[in-house]
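Structure first, commentary second.
The values are calculated or read from the model by the stated rules, or taken from the named source; none is laboratory data. Computed from a predicted structure; not experimentally measured. When we count neighbours, we look across all protein chains shown, and the Cβ atoms used for this are built from the backbone with ideal geometry, even at glycine.
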């Protein structure tokens with residue numbers, strides 16, 4: 001596939017629990033944006049984070065190489081600012097080439113891990 | 001992004017368990033509609049709740065300010081009427097500007113928390 | 001809303017675990033198709049179930065009244081045949097008026113309940 | 001339905017945990033792509049797997065007979081290569097006839113099973 005996807009994506013739900021019952025990295029509570037760039041050109045992605053009661057933060061600048069997937073942990077974002085824990089947020093992705101975006105959360109506030117995943121909204 | 005999203009959204013599934021194994025607000029069983037308004041103008045949203053065996057209730061009137069996200073708990077709705085617990089429902093959102101809607105449920109009837117999340121249906 | 005939705009929907013995943021750790025009906029393992037008919041006319045829906053290794057079964061005939069939601073348990077279908085347990089299936093919905101379809105599974109094979117939910121595929 | 005679906009689908013998220021708390025096949029951690037071919041002609045599907053830091057692998061060649069569903073476990077793929085465990089991946093499906101693709105993961109790293117499911121991205 002040369003091109004699959006869209007350039008604009010939105011995820012209306014975001015929340016990173018501050019708490020985790022584990023210290024093992026794979027099981028710490030986290031939110032991930034899974035980005036697929038199936039094309040032949042690197043994708044330059046601008047990510048903006050929206051909040052309930054303050055101005056948006058961003059853009060975070062992310063590169064996804066050609067023919068690669070990037071599973072980006074919101075927990076790891078630092079520039080221009082880390083994503084606050086225990087806080088509702090939403091996110092918008094703007095790419096210069098078509099990509100596919102999906103969102104996953106692993107919640108391990110309790111010893112029993114919960115998972116959720118949702119395809120992001122693709123602007124036609 | 002000036003505009004991302006659609007004006008009409010529907011969520012066919014809704015159910016707030018009356019029971020919770022917790023009293024901590026973040027872990028009480030709840031249903032949330034996450035609404036993102038990434039635009040430059042406040043969104044006036046009309047929400048209607050549909051049931052299996054009675055007439056729809058609404059509109060609930062919700063404002064999402066420009067460049068903000070609102071994570072609306074169905075549990076908290078009161079006007080024109082609270083959403084009954086342990087009852088199947090569905091919901092339709094009509095906004096005057098483009099928004100993005102996603103739905104999440106945290107189910108804590110059992111001590112082990114379950115999560116689900118789904119992008120809402122966007123009317124083209 | 002007079003009309004929201006589409007007439008043709010598909011759910012590629014289906015599986016009803018035969019096992020349940022509970023006898024309480026709300027917690028028995030089940031699969032639900034949540035159907036919303038927000039329009040002013042009753043929806044006549046034809047449901048067909050597809051399998052891995054045998055001919056499809058159907059149509060199951062379902063009516064969703066105007067301005068109502070129906071949360072249909074696949075477990076309860078009997079005519080023309082019950083849905084076999086522990087068996088992979090998929091489903092296609094054909095309605096005479098626009099509807100919205102979403103799918104939910106509650107899996108209680110283990111004492112810890114798992115939930116999943118997905119918007120169905122809407123044929124444009 | 002003669003035709004429902006699309007020919008190109010993408011799933012941006014993939015991850016098969018190496019660990020399982022169970023040996024029973026239905027409860028071993030796994031990722032499934034559920035494919036529905038509701039049409040009258042067998043679907044020839046080419047599946048490509050994308051990674052974070054190496055070239056894509058594929059195509060895997062899959063046939064879904066007419067009027068059948070195939071719940072394909074990524075765990076079972078071997079030709080041209082097995083899918084590595086504990087590794088982020090993404091996948092693209094190209095079919096010669098319209099199909100519907102949905103993704104499910106059962107995570108049983110812990111004794112409490114977690115489930116997630118997402119409709120794949122359908123290229124219009």
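Observations on the model:
- Considering region A:36-124, the qualifying strands (runs of 3 or more DSSP E), each wholly inside and each with 2 or more residues that are modelled with pLDDT of 90 or more and out of contact with any helix residue (DSSP H, G or I) (no Cβ under 6 Å at 6 or more places or on another chain), run over A:43-51, A:57-64, A:68-73, A:89-107.
- Residue B:81 being over 19 Å from residue C:68 (Cβ atoms), over 13 Å from the mean Cα position of the chain (by Cα) and in contact (Cβ under 8 Å) with a residue 24 or more places away in the chain: no
- In region C:14-38, the residues that are crowded, with 19+ Cβ neighbours inside 10 Å form Cβ pairs under 6 Å with partners that are assigned to a loop (DSSP other than H, G, I, E, B) and modelled with pLDDT of 75 or more, at six or more places apart or across chains, as follows: C:15/C:88; C:16/C:85; C:29/C:17; C:31/C:16; C:38/C:4.
- Verdict on residue D:45 being over 20 Å from residue C:56 (Cα atoms) and crowded, with 22+ Cβ neighbours inside 10 Å: yes
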